[in-house]
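Written below as structure tokens is the structure these notes are about.
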There are 2 protein chains.
Amino acid sequence: MKLATMRDRSPDGQLLVVSRELQRAVKATGVANSLLAAIESWPVCEPRLRALSVALERGEIDGALDFTSADLASPLPRTWQWLDASTFHSHSVLLARAFGQAFDTNGARPLMYQGGSDDFVGPHQDMPLPSEADGIDFEAEVAVVVDRVPMGTPAADALGHIKLVMLANDASLRSFGAAEKKTGFGWILAKPATSFSPVAVTPDELGAAWRDGRMHLPVRVAWNGREFGRPDAGAMGFGFHELLAHAAYSRNLSAGTIVGSGTVSNADYATVGSGCIAELRAIEMAERGGAVTEYMRFGDRVRIEVLDAAGRSVFGAIDQRVVAASAGASR
Amino acid sequence: MKLATMRDRSPDGQLLVVSRELQRAVKATGVANSLLAAIESWPVCEPRLRALSVALERGEIDGALDFTSADLASPLPRTWQWLDASTFHSHSVLLARAFGQAFDTNGARPLMYQGGSDDFVGPHQDMPLPSEADGIDFEAEVAVVVDRVPMGTPAADALGHIKLVMLANDASLRSFGAAEKKTGFGWILAKPATSFSPVAVTPDELGAAWRDGRMHLPVRVAWNGREFGRPDAGAMGFGFHELLAHAAYSRNLSAGTIVGSGTVSNADYATVGSGCIAELRAIEMAERGGAVTEYMRFGDRVRIEVLDAAGRSVFGAIDQRVVAASAGASR
């Protein structure tokens, strides 16, 4: 089942059930107005949404919407919690080296920070940002949405709480990254609003590519129309079930909590490229003695997409520009 | 005006307008069901809530509730964002020394992390936690609730966005604090659910004690019935307006965002005591060569309160126990 959210006057948007081929959609108004409301009552809503999905695939929905022209929000335009990990070893090692900092492994625990979850950007919306001088970067990630995960849930029990999978562009302002990391408090200035893929899918949509709490598919990243990377998301050092158990050690995770993988990265980056500019710059520093690639300029566009084994887009593509906030870009 | 939230079946609770003396209350059902809904429509709701407040003070509300026996949630039982700063210089210096870490001033910028905002604990509810071995601590803080603060709002314009002031018990698990700080990612395990005071008050309730974006009153902390500290909250190194401008540099702050002061601390801690156990332990390390005071045990109680110049409780008291999560403590 594939779900999306159409922008409307409400901050949580209008929930849509979307066809597998991402061509048609139907409003889920009769089930739940918003995805947040649906995930908060998932046992009731899921079967009813699946029934809509089946009817849509069979062509039994009169007046289905054209999904390709829908004005989309992120599947959850806002939610109660966004916890983003950093689980790709090659990324952590490269970034730590570039920032001139030791790579702290946090013992045997995942690295995880809490990001802003109150104001996500739609997958095709412009991202208004304060200044090109801040080192604007994209970050291609995989993310999951969970129902309520009670405090103390072990990893073995956590997998079943993962209800949806999606992609993220966890935009970053690198000029603040190292300084904020050094404080130990995590990132505020360095992490503007995140964006998620047009659709969130139930794990069964991924078939055999969903295993070990990971999505074993390459994430394709293009910058201004040119391929930038296609690292495989299966290389996570921790599975999402382990990230959930970590996060839930001392807190309940409310339904609608999103957990991210961190920037997808592979050890054979020379072949597959990277999921963010900072990593490429780190590679350039190591191999050429200095970073060559500059960060994004206003007007630049990033595209993040995953194709299944048959070459079909699973989540639709995040495809968006960064623009000057001062230009009055409205969202 | 003083506002509170009574627990009911809805996750956002029932908004109450409370009398100045904290004796009586009236449901604000006709204005907004929840404080979150009210703060999201503040220009419409505030005058109507104030009218209720005036009627309550005049004794014109038939069947007013007995506030002293109300089953309270935090004023916002959950919200979209909780950004907690660390603005008291003496606290930062002492903690850094105790953790064996350099005190990073973040240049001229405030120190701030994002905490869980999806599941706050009521001011008199037990706090269920996984283990006494985790170094359970309280942290007495001041916090503000804002309406929407657009990205790029300067400090000079930020003060007007502060709609409510309250107290916080930002509970911490110190065993994870130093390790998570070292990762640079901020705190996940070290920061279980936060608790806020029975009432949130509009800044005018503080009179002359509200100035320079600070509340110039001592925060009284008692641990198991014994005074632990009464540091003055006016000693913040940054005012709340400056914290808001910092947080809003690269993000919009949604209505309902809570910003915290960090643990209240004064340079004359020898006289006024501390707002958390970790600070007292740091003082003991410096003065006696080792920490003597142990962290909280299950069943321990903390009380956090502020009295005005006339000795009246401004916010009511946070007064709660920490308990074992495994004991099935329900919230």
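With the whole protein complex present, residue A:124 retains an accessible surface near 100 Å², based on a 1.4 Å probe. The convex hull built on the alpha-carbon positions of segment B:176-224 has an orientation-averaged projected area of 6.0 nm².
What separates the residue A:100 label point from its copies, with the point 7 Å along Cα to Cβ, is 2.5 nm, written shortest first. For residue A:27, the lysines whose Cα falls under 29 Å of its own Cα, not counting residues fewer than eight places away in the same chain, are A:2, A:163. Charged side chains reduced to their Cβ positions (Lys and Arg at +1, Asp and Glu at -1) give segment B:238-331 a dipole of some 400 debye around its Cα centre. Amide H contacts for residue B:323 (H built 1.01 Å from N in the peptide plane; partners 5 or more residues away or on another chain; cut-off under 5 Å): B:127, B:129, B:299. Each residue of segment A:139-144 is assigned a 3J(HN,Hα), and the resulting list reads 9, 8, 9, 9, 9, 10 Hz, derived from the Karplus form 6.51 cos²θ - 1.76 cosθ + 1.60 (θ = phi - 60°), x at Gly and Pro.
Taking every residue in A:248-259 and counting other chain Cβ atoms within 10 Å of its Cβ, the average works out to 5.
Charged neighbours of residue B:265, selected by a Cβ distance under 12 Å, balance to -4 (K, R count +1; D, E count -1). For the protein assembly as shown, DSSP calls about 90 percent of its internal beta bridges antiparallel. Projecting the Cα atoms of B:37, B:258, B:239 onto the charge dipole of chain B, computed from C-beta unit charges around the Cα centre, puts B:37 farthest toward the positive end. Note on exposure: B:163, A:182 ranked by accessible area (1.4 Å probe, complete protein assembly) read A:182, B:163, with the most exposed listed first. Free of any GluC sites (Glu not before Pro) that DSSP assigns to a loop and that have at most 13 other C-beta atoms within 10 Å, the longest stretch within chain A is A:61-293.
Near residue B:194: Cβ cut-off under 12 Å, other residues only, Lys/Arg at +1 and Asp/Glu at -1. The net charge is -3. Evaluated over the Cα positions of segment A:1-77, the convex hull gives a direction-averaged projected area, one quarter of its surface, of 4.5 nm². In order along segment B:159-165, the Karplus-derived 3J(HN,Hα) couplings, from 6.51 cos²θ - 1.76 cosθ + 1.60 at θ = phi - 60°, round to 4, x, 7, 7, 9, 9, 10 Hz, and Gly and Pro are given as x. The Cα atoms of the protein assembly as shown cover 73, 60, 51 Å along the three principal axes, with the biggest extent listed first.
What number, in percent, do you get for the relative contact order of segment A:200-331 if the mean sequence gap of Cα pairs under 8 Å and at least 6 apart is divided by its residue count? Over segment A:200-331, the number comes to 25 percent. Excluding same-chain neighbours fewer than eight residues apart, the aspartates and glutamates reachable from residue B:181 by a Cα-Cα span under 13 Å are A:104, A:180, B:104. Within segment B:56-177, the percentage of alpha carbon pairs spaced more than 21 angstrom apart rounds to 56%.
Taking every full run of DSSP H in chain A, the ones that stretch at least 20 Å from end to end by Cα along their long axis and average -1.0 or higher on the Kyte-Doolittle scale are A:42-57.
Residue A:66 label point (Cα plus 7 Å toward Cβ) to equivalent points in the other copies: 6.5 nm, shortest first. Accessible surface for the protein assembly as shown, divided over its residues, is 36 Å² per residue with a 1.4 Å probe. Put simply, the Cα atoms of segment B:141-185 extend 38, 24, 15 Å along their principal axes, the longest span coming first. Across chain B, the mean sequence separation of Cα contacts (distance under 8 Å, 6 or more residues apart), normalised by length, yields a relative contact order of 22 percent. Inter-copy label distances at residue A:55, using a point 7 Å along Cα-to-Cβ, come to 4.4 nm with the shortest given first. Averaged over peptide B:100-110, the number of partner chain Cβ atoms lying within 10 Å of each residue's Cβ comes to 3. By the Cα gyration tensor, segment B:254-331 has an equivalent ellipsoid whose semi-axes, rounded to whole angstrom, run 25, 22, 14 from largest to smallest.
Within 10 Å of the Cβ of each residue in A:116-123, the mean number of Cβ atoms contributed by other protein chains is 5.
Taking the Cα centre of the protein assembly as shown as origin and assigning +1 to Lys and Arg Cβ atoms and -1 to Asp and Glu Cβ atoms, the resulting dipole is close to 60 debye. Panel values: segment A:32-126, Kirkwood radius from alpha carbon pairs, Stokes-Einstein at 10 °C and 1.306 mPa s, translational diffusion coefficient 92 µm²/s.
Among chain B residues, the one whose Cβ is nearest the axis of the rotation from B to A, given with its distance rounded to whole Å, is B:186, 1.
Within chain A, the proportion of Cα pairs with more than 38 Å between them is 10 percent.
The values are calculated or read from the model by the stated rules, or taken from the named source; none is laboratory data. Everything numeric here is computed off the predicted structure, so don't read it as measured data. Reconstructed Cβ throughout: ideal geometry from the backbone, glycine too, with neighbour counts over all protein chains shown. Quick note on the areas: whole protein, heavy atoms, side chains included, nothing else; ligands and nucleic acids left out. Shrake-Rupley method; radii C 1.70, N 1.55, O 1.52, S 1.80 Å.
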